[in-house]
1. Within region 100-119, take every residue that is within 24 Å of Tyr54 (Cβ to Cβ) and open to solvent by less than 30 Å² (accessible area, probe 1.4 Å) and give me the one that is nearest to the chain's Cα centre (by Cα).
2. Taking into account only those residues within region 232-249 that are touching a helix residue (DSSP H, G or I) at 6+ places or on another chain (Cβ under 8 Å) and surrounded by fewer than 20 Cβ atoms within 10 Å (Cβ to Cβ), which is nearest to Gln188 (Cα to Cα)?
3. So Arg277 clears everything in (1) open to solvent by 30 Å² or more (accessible area, probe 1.4 Å); (2) touching a helix residue (DSSP H, G or I) at 6+ places or on another chain (Cβ under 6 Å) except one condition, right? Which one?
4. Can you find even one residue in region 193-215 that is without any contact (Cβ under 8 Å) to a residue 40 or more places away in the chain, surrounded by fewer than 21 Cβ atoms within 10 Å (Cβ to Cβ) and in contact with a Lys or Arg (Cβ under 7 Å, 6 or more places away or on another chain)?
5. If you go through region 454-477, how many residues are open to solvent by 40 Å² or more (accessible area, probe 1.4 Å), hydroxyl-bearing (Ser, Thr, Tyr) and in contact with a Leu (Cβ under 8 Å, 6 or more places away or on another chain)?
6. State whether one or more residues within region 149-161 are open to solvent by less than 10 Å² (accessible area, probe 1.4 Å) and within 39 Å of the chain's Cα centre (by Cα).
7. Taking Arg277 as the residue in question, decide whether it is touching a Gly at 6+ places or on another chain (Cβ under 6 Å), touching a residue at least 40 places away in the same chain (Cβ under 8 Å) and on the phi < 0 side of the Ramachandran plot.
8. Leu367 is checked against (1) modelled with pLDDT under 95; (2) within 20 Å of the chain's Cα centre (by Cα) and fails just one. What number does that condition carry?
Amino acid sequence: MIVILRRHPIGASLVQMTSPLIPRLTALLEAAGGTTVPAQTAAGWLDLAYEGAYGERFRSAAEAAEAGLRAPGGEDPENRLMLLRILAGVHEMRGDSAASAPFIAARLRLLRELGRFRQARVEDELGAMLLREPDRVEAEILSRVADDLRREDQTRGDVTVELADVLSSLAVRRLQDEGPESALPIVQETCTILTSLDRTEALAGARMFLAHTLLLSGETTQALRTAELVLASHANRAVHGAMAMLQATIHHHEDRNLAAIDAALHSVELYAAARVRKGAASAAALLAGLTGEEDDGDASVLAWRVAVQQAELGEFRESRLLSLALGQQLLELDDYPEAEKVLDALSVRLGGSEEDRSTRARALMGLGHAVTHLKRPLEAMVHWNEAAELFGEIDETDEAARAHLAAGALAASLDRLEVARGHYERGLELVEHSEDLDPQVLLQALHSLGHLLTRAEDETGIGHLDRALELAREHGTTWQRADITDSLARGWTALGEGTKAVAAGLEAADLFAEAGDEDAAGDAEVFAAKVLLEMGRADEAETIFRMSTDEREASPSLMADALEGQIEALMRQGKAEAAADLRRKLTRLKRRMRS
């Protein structure tokens, strides 16, 4: 379904973007808050009221339900009963029982007028328990009432909506207290009753609950089948959006990413149209992750933008984390100017608050990476210094250490060695005193500081590198062992210990080869050969220069480096003719490299 023909910067025209998801995601962004199209009938207003309640827009839900009472079809008893229940429920969910009472009373009157005296009695006795999540004491009452109603129905050979209502409320509490396995039979019984009574609207909501309960019980096939039933039936967009999200979640967990992408996008569209902002943001975030896994970078960035937009429209705190995720996705796509805009705006937005210091610190870390790639390293140093301070203030010790290590690496690249040393030492100090020691962060700190110190001809760096190597043997990868051993080789060289440098270099080459990095293995061998050459051991150096490319498919740059070294070694041995042959070979190689 997703095909990337070529990469484009995020700022490119959307027409140029190749993902088939782009038009639909762009439409979502352009629709922004959307517009509410007034309903023409009571049934239409009923859907809008349900969507408002689902999206926690209680005022909008109440207004829609009141409009439904006045609309054509508002006098229909079933429509009126449902609209009155929504009005009562919305006020109850807001904690305003006084505002709920008149609508409960109006519904009870209507039930009695319709001759549905038992239903009226049950609702009168249970009151708000049927309108919100009951507490544990209320759940015991609901359980006893359900048993009584069930016995009465069985005696009469009948099924009734009042039993379904009681079971629905009881299942919510049972799920919370005893888990999905306990709630599942209750929800299934509710769906059976509503199916028998042909209560389409209520059945859609009950099946939505059933699908989620099945998912929580690990019954994914049944959950998918139930979701498909809901999507194929009449229901409001919020319910359909929830079922599409459930489908996306299951497909994703079962490694059917393309099906998950279809379902997630459908969910975003439904939720956004219904103005269920939290649902839309969650579905868009899932979609962003899925498209990122499928290397559809353009779609992933737009999906993150949709997620941020929906969270901001709903005024949710999650919008901050979503903005951070968007910035990180832009960094991964090498769109550093756009990443800078997003992450800078986020860090400024959070700058005046003591809350979310962790998110702000992470935004500053990403911002530092962005401006580093934009050739503004001094700004990056400022951002990473501030991030390290913030992480330290909130006791995120490992993150503070990582910030210091990043700043140290950047300072070292700028030849600001004392600044780099300070950051590395602070990073090492932090991680060594961390209560929850991360061996990988400690390894990085030891390696970075050891490399810097040996580069400055400080022999204490060898001790740090030895410690890093020991950690790598226990907690690291073969490649990490190779990299640290390579640093030891260069450190011994800086300290004038040629024999140790050669031995470490050749050991690093073997480890790189074992890790599958042939270019790094060749580089390590060439380095060892150069040290031998400086030690006056030209014959051994020439052999290693030759072996560094003969035994592997070398890159052009490695081949050129090895040939230059081999030529020098041959000349020192007085083998001018052999050196001349290799010089011609080197000339041809450099021409190819330039072309």
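The values are calculated or read from the model by the stated rules, or taken from the named source; none is laboratory data. Predicted, not measured: the structure shown is a model, and the values here were computed from it. Note: ideal-geometry Cβ built from the backbone for every residue, glycine included; neighbour counts use all protein chains shown. These accessible areas exclude ligands, DNA and RNA; they are computed on the full protein's heavy atoms, side chains included. Shrake-Rupley method; radii C 1.70, N 1.55, O 1.52, S 1.80 Å.
1. Residue satisfying both the conditions and the ranking: Ser100.
2. Step one: of region 232-249, the residues touching a helix residue (DSSP H, G or I) at 6+ places or on another chain (Cβ under 8 Å) are 233-249.
Filter again for surrounded by fewer than 20 Cβ atoms within 10 Å (Cβ to Cβ), leaving 233-234.
Values: Ser233: 18, His234: 19 Å.
Among those that are touching a helix residue (DSSP H, G or I) at 6+ places or on another chain (Cβ under 8 Å) and surrounded by fewer than 20 Cβ atoms within 10 Å (Cβ to Cβ), it is Ser233.
3. The one condition Arg277 does not meet is (1).
4. no
5. Total meeting the criteria: 1.
6. no
7. Details: touching a Gly at 6+ places or on another chain (Cβ under 6 Å): yes; touching a residue at least 40 places away in the same chain (Cβ under 8 Å): yes; on the phi < 0 side of the Ramachandran plot: yes.
Taking the combined requirement at face value, the residue satisfies it.
8. With respect to (1) modelled with pLDDT under 95; (2) within 20 Å of the chain's Cα centre (by Cα), Leu367 is out only on (1).
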